[in-house]
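Below is one structure, written out as C-alpha cells; comments come after it.
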Amino acid sequence: MKRFHMSLALLAMLMAGLAGVLAPRAAAQTGSISGSIMDVNGKPWAEVVIRTLSDQGAKQETKTDSGGKFSVLNLRSGIYTVFVVFPPPNDKQAPYEAKCRVQGGEDAKVDLNFKDIVSKQGAEAQEQVKKAEEAKSKMEGLKTHFAAGNALIDQEKQAKIELLKAPADQRDGFKQKLVDLSDQAAKEFQEAAKSLVEKDPNAHLVWFKLGEAYDTAGRNDDAAQAYQQAIAAKPDVPGYYNNLGNVLARSGKIDDAKAAYTKSAGLDPPNAATAWRNFGISLYNANRLGDAVEPLQKAAELDPKNAQTWYLLGASLVYKMTTKRVGNKEEVQFAPGTIEAYEKAVELDPNGTWGQQAKQGLEQLQLMAPGIETKVNLKKKKS
C-alpha cells in the first residue's frame, strides 16, 4: 500500500509539471495613446500629422480627424514622445513635442491646446502657429475654389457640344452661355490662385486649369497667358506646351506655336507625333492649310499608321496645287505627295471617316485633273 501511495504522489507531480509546460503564456498587454489637438484659436485641428517614438525606437504615425482627435494603438509599455507636425509652409519647423508613459492595458492621454501653449511660449511661437493655421485655411480655400472651377469647366464642355449642335438661329444664346461659364470658372481659379503660397507645388495646376477655362471658350489670348504661367511654375510638363501651341496656332502666331510644340515633342519623344499632329490640326482648323503641311509631314513620318494624319496632309497639300499653261489650257499641278497621302488614308482606314473623306478627296482631284491615276478604285462620274 505504501508503494501505491508514492506512485500517486509522483503522478501528481508529473501532471503538475506537464501542465506548466503545456499552459500558454499570457500575451503581454499593449497600451495606446489618444487625445485631441486644438489650434491657436482653440478649435479642433484636423489633418495634423501625429508621430510617436518609443524609448525603444519604435515609430508610428497617424493624423487627427475632423474633430482634432487621434489615437495610436498596440503600443508596448514605455516612455513615448508624441510629435505634432506643423503643416506647410511651416513643416520645416521642428515639431511640437510632448511626452507620456504607456502601460499595458491603459490609454495614455495627450491633449494639446495650442491656444494655451502659444500664450505661454511667447510671440515667436504664436507667430509660427498662426502661420501654420493661415496655411491650413489657404489650402482649404484653394481646394474649394479648385473643385468649383473644375465643375464649371465640365459644364463649359457640355455647353460647347450643345453650341455645335444648335441650329444657327439659336447659337447666340449658347455662345453667351459658354462665355458666362468661362467667366465663372476663371473666377474660381483666380480665387484659388490667391491662396497660393510662395513656391506652392499646386501653382502649375491652378494656372493650367485657368488656361483650360479660357481655352474651352476660345479665348486664345487669355488661355495662352495662363498656360505660360503654368509652364513657368512647372516647365517639364509636355501637355502644357501642347495646349499653349494649340491656342497660339489658332491665334495665327505660327512661329511661337511651333516653338511650343517642338518643346512638347522634345519632352515626350514617344508622343512627339501627337504634338506635331495637334499642330497640324490647329492650323487646319484655322484655315492655314499651307502652314499645316510641315507639322503633318513630321507627324506622318513619326507615326505612319495614323489615317487622320494622312488625310489632313492630303487635304493641306491640295492648297499648294498650282496651274501650268499647256497650249490653250491651264493644267492643274498637284503638290508632290498629295495623291499618295489620300491613298495612304484610304489604305489605313478604308471604311472609316478618314478613309471615306480621302476617297472623296481623290474624286475631287480627278474632277480637277481627269487624267490622274490612283491606286484606289473610284466611282466613275456621270458625264
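The values are calculated or read from the model by the stated rules, or taken from the named source; none is laboratory data. Just so you know, these numbers come straight off a predicted model, no measurement behind them. Please note: Cβ atoms are built from the backbone with ideal geometry, for glycine as well, and neighbour counts cover all protein chains shown.
Remarks
- Options E127, E140, E133; residue that is touching a helix residue (DSSP H, G or I) at 6+ places or on another chain (Cβ under 9 Å), modelled with pLDDT under 90, of a type outside the set (F, W, Y) and surrounded by fewer than 14 Cβ atoms within 10 Å (Cβ to Cβ): E127
- Every residue from the range 44-67 that is among the hydrophobic types (A, V, I, L, M, F, W, C), assigned to a strand (DSSP E or B) and within 16 Å of G31 (Cα to Cα): L53
- The criterion of at least 2 residues that are more than 16 Å from Y284 (Cα to Cα) is met, among helices (runs of 4 or more DSSP H) falling completely within the range 306-372, by 338-348, 353-368.
- Meets criteria (crowded, with 18+ Cβ neighbours inside 10 Å, among the small types (G, A, S) and in the same structural domain as H145 (by TED's automatic domain parsing)) for A213: no
- Those residues of the range 68-106 which are part of a loop (DSSP other than H, G, I, E, B) and without any contact (Cβ under 8 Å) to a residue 40 or more places away in the chain, in sequence order: G68, D91, K92, Q93, A94
- Meeting the requirement of 1 or more residues that are within 14 Å of L142 (Cβ to Cβ) and touching a Leu at 6+ places or on another chain (Cβ under 6 Å), the helices (runs of 4 or more DSSP H) wholly within the range 160-256 are 171-194, 203-216.
- Selected residue (criterion: surrounded by the most Cβ atoms within 10 Å (Cβ to Cβ)) from residues of the range 300-347 that are more than 36 Å from the chain's Cα centre (by Cα) and of a type in the set (D, E): E343
- Subset of the range 244-255 that is at pLDDT below 95 and not small (G, A, S) - its residue that is nearest to R219 (Cα to Cα): V247
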